[in-house]
There are 2 protein chains.
Amino acid sequence: MSRPLPEPVINLINELRKLSGVGEKTAMRYVLNLMKRSPEGVRALGETLYRLAEDVKPCSVCGFVSDGDLCDFCSDPARDGHQICVVEGVAVVLALEKVGDFQGLYHVLGGAISALRGITPKKLRIGEIVQRVSDGDVREVILATGADAEGETTALYVRKMLEGLPVKVTRPATGIPMGSSIEFLDAVTLMRALRGRKEL
Amino acid sequence: MSRPLPEPVINLINELRKLSGVGEKTAMRYVLNLMKRSPEGVRALGETLYRLAEDVKPCSVCGFVSDGDLCDFCSDPARDGHQICVVEGVAVVLALEKVGDFQGLYHVLGGAISALRGITPKKLRIGEIVQRVSDGDVREVILATGADAEGETTALYVRKMLEGLPVKVTRPATGIPMGSSIEFLDAVTLMRALRGRKEL
């Protein structure tokens with residue numbers, strides 16, 4: 001960062017740059033933006049960050065974000081505990097909830113197995129899902145990890161871990177996404193879509 | 001925001017969305033990113049925000065950001081007080097400093113005159129630059145406001161306000177930016193570049 005900026009500004013820029021996708025220019029833009037506000041406005045943002053650090057932690061059962069011991073899903077008696085949808089991260093839960101179709105519970109792994117990035121199965125909440133299935137009355141585990149190499153590997157690994165347990169293990173369908181032209185699809189998607197064809 | 005997220009998360013998302021260019025998705029991405037850090041890491045960002053709110057305010061002379069009464073420029077005896085470069089905002093100062101060519105002082109107006117956005121001359125630090133010129137030994141004022149309609153208006157207005165004072169008022173050259181093809185330039189830039197042509 002250039003010399004003339006006072007230290008508190010440089011410190012804030014450096015902290016903001018730790019956010020994914022935020023470079024020097026974006027960080028600077030945010031800081032200039034913040035400086036246009038009243039000190040109270042800036043402090044309000046600081047305060048919400050403290051609240052996040054203090055009050056929010058993963059749900060002790062499913063790993064979704066929560067400000068108590070259990071998240072809103074796990075503490076909701078209306079959700080169907082017979083079905084557990086296993087996902088890589090919190091963002092996937094939010095995407096699925098926007099659809100609103102799934103009424104079961106979730107299990108957030110905290111990532112996908114990746115040799116490249118050093119994410120071994122032990123770093124993910126895989127033991128916990130096996131435990132949940134062993135303990136409870138779970139009838140189906142939907143492995144909604146990504147349709148990329150890492151997500152596939154993770155799904156296969158979790159399926160293997162669940163072997164022998166009286167539970168149905170499924171995976172969402174792969175195929176042509178709605179609204180897309182077939183000519184622009186990648187070969188793997190197209191191959192899978194063709195192999196998985198259904199009678200009209 | 002969707003229902004299952006705990007309140008501290010939603011509050012933080014709402015605060016982050018107040019930053020220019022940050023929508024719901026970006027805010028959510030930042031929050032998920034923050035939640036992957038330790039509470040200490042999140043608090044560190046909060047702390048830098050507090051420091052910004054407490055310690056950083058505009059330089060009492062030029063309006064640039066400062067953590068004291070005077071900014072690094074105004075308190076630097078090596079800078080040439082005979083030249084003042086008038087700019088719309090702090091970001092312009094940083095851009096000019098990256099060039100490193102200008103050795104004078106700055107004057108940050110805090111925006112440009114805009115009837116559309118209700119920014120009257122009184123809302124800008126125009127009286128202050130007139131005062132600086134009246135008080136001190138200023139020989140040249142460079143009006144480096146934007147080359148758009150608002151910047152031009154502001155430059156003309158400041159020039160008018162400085163009329164009668166023994167100071168040279170200049171404006172950076174407009175023309176074809178380096179590295180650009182002439183065919184894609186807008187008509188006004190091209191017209192100005194032609195009218196301002198120089199002998200080779």
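All of the numbers you see were taken from the coordinates with simple rules; none came from a lab. Values in this document were obtained by computation on a predicted structure and should not be read as measured data. Quick reminder, even Gly has a Cβ in these numbers, built from the backbone with ideal geometry, and neighbours come from all protein chains shown.
Based on the mean of other Cβ atoms within 10 Å per residue, sort peptides B:128-141, B:104-117 so the most packed one is first. Show your work: numbers first, answer last.
Details: B:128-141: 16.3, B:104-117: 19.1.
Final packing ranking: B:104-117, B:128-141.
In debye, nearest 20: dipole of segment B:132-200 around its Cα centre with unit charges on the Cβ of K, R (+) and D, E (-)? Present the calculation step by step, with values, prior to reporting the outcome.
Values: 10 positive and 10 negative charges, 52 e Å.
Using Cβ point charges on Lys, Arg, Asp and Glu, segment B:132-200 gives about 240 debye.
Averaged over peptide B:35-46, how many Cβ atoms belonging to another chain are found within 10 Å of each residue's Cβ?
Whole-number average of other-chain Cβ neighbours for B:35-46 is 6.
Out of every Cα pair in segment A:135-179, what percent are spaced more than 16 Å from each other?
The calculated P(r) of segment A:135-179 puts 43 percent of pairs beyond 16 Å.
Could you work out the Rg to Rh ratio of segment B:77-170, with Rh taken as the Kirkwood radius (inverse of the mean 1/r over all Cα pairs)?
Radius of gyration relative to Kirkwood radius: 0.95.
Using a simple charge model, +1 on the beta-carbon of Lys and Arg, -1 on the beta-carbon of Asp and Glu, nothing else, what dipole does the protein assembly as shown show about its Cα centre, in debye to the nearest 20?
740
Which whole number gives the average, over all residues in B:94-101, of C-beta atoms from other chains lying within 10 Å of the residue C-beta? Numbers along the way, then the final one.
Numbers: counts 6, 1, 0, 4, 1, 0, 1, 0.
Other-chain Cβ atoms within 10 Å of each residue's Cβ, averaged: 2.
Which value, in nm² and rounded to one decimal, describes the direction-averaged projected area of the C-alpha convex hull of segment B:7-55?
If you wrap the Cα atoms of segment B:7-55 in a convex hull and average its projections, you get 3.7 nm².
Mean 1/r over all different Cα pairs, inverted: what Kirkwood radius does segment B:37-76 give, in Å?
Values: mean 1/r = 0.0887 Å⁻¹.
Here the Kirkwood hydrodynamic radius works out to 11.3 Å.
Calculate for the protein assembly as shown the 222 nm mean residue ellipticity that helices alone would give, adding -39,500 (n - 2.57) per DSSP H run of length 4 or more and normalising by residue count, nearest 500 deg cm²/dmol. Present the calculation step by step, with values, prior to reporting the outcome.
Numbers: 14 runs with 164 residues, N = 400.
Using -39500 (n - 2.57) per qualifying helix, the result is -12500 deg cm²/dmol.
Which whole-angstrom value gives the distance between the alpha carbon centres of segment A:138-164 and segment B:146-175?
Rounded to whole Å, the Cα centres lie 66 Å apart.
Roughly how many debye, to the nearest 20, is the charge dipole of segment B:77-170 about its Cα centre, given +1 on each Lys and Arg Cβ, -1 on each Asp and Glu Cβ, and no other charges? All intermediate terms of the calculation are to be shown ahead of the outcome.
Details: 11 positive and 12 negative charges, 49 e Å.
I would put it at about 240 debye.
To one decimal place, what Kirkwood hydrodynamic radius in Å is obtained for chain A from all pairs of distinct Cα atoms?
Mean inverse Cα-Cα distance, inverted, gives 20.2 Å.
From the label point of A:ARG37, set 7 Å from Cα along Cα→Cβ, how far away are the matching label points in the other copies, in nm, ordered shortest to longest?
Listed shortest first, these distances are 1.6 nm.
How many partner chain Cβ atoms sit within 10 Å of a residue's Cβ in peptide B:53-62, on average, as a whole number?
4
For a quick check: with amide H placed at 1.01 Å from N, whose amide H comes under 5 Å from A:HIS107's, ignoring anything fewer than 5 positions away on the same chain?
Close amide H contacts, sequence-distant or interchain: A:CYS85, A:VAL86, A:VAL87.
Tell me, what ³J(HN,Hα) does each residue in segment A:152-168 have, in order and in whole Hz, if you take phi through Karplus 6.51 cos²θ - 1.76 cosθ + 1.60 with θ = phi - 60° and put x for Gly and Pro?
Using θ = phi - 60°, the values come out as 5, 4, 4, 4, 5, 5, 5, 4, 4, 5, 8, 4, x, 8, x, 9, 7 Hz.
Of all the residues in chain B, which one has the C-beta that comes nearest the axis relating B to A, and what is the distance in Å?
B:GLY46, 2
Between B:GLU40 and B:GLU163, what length in nm is gained on full extension when 0.36 nm per residue of separation is reduced by their alpha carbon distance? It would help to have the intermediate numbers written out before the result.
Working: separation 123, 0.36 × 123 = 44.28 nm, distance 5.56 nm.
Length gained, B:GLU40 through B:GLU163: 38.7 nm.
As an exercise, take the mean of 1/r over every pair of distinct alpha carbons in the protein assembly as shown, invert it, and state the Kirkwood radius in angstroms.
It is 25.7 Å.
Which whole number of Å³ per residue matches the convex hull of the alpha-carbon atoms in segment A:1-103? Walk me through the intermediate numbers first.
On the way: hull volume 14.9 nm³, N = 103.
Per residue, the Cα convex hull of segment A:1-103 comes to 145 Å³.
Helix A:126-135 sits at what angle to the longest principal axis of chain A, using alpha carbons and giving 0 to 90 degrees rounded to 10?
It works out to around 50 degrees.
Residue farthest toward the positive end of the dipole of the protein assembly as shown, with Cβ of Lys/Arg at +1 and Asp/Glu at -1: which of B:HIS82, B:CYS71, A:ALA53?
B:HIS82
Just to confirm the numbers: B:ARG195, label point 7 angstrom along the Cα-Cβ line, distances to the other copies in nm, shortest first?
Those separations, rounded to one decimal, come out as 6.8 nm.
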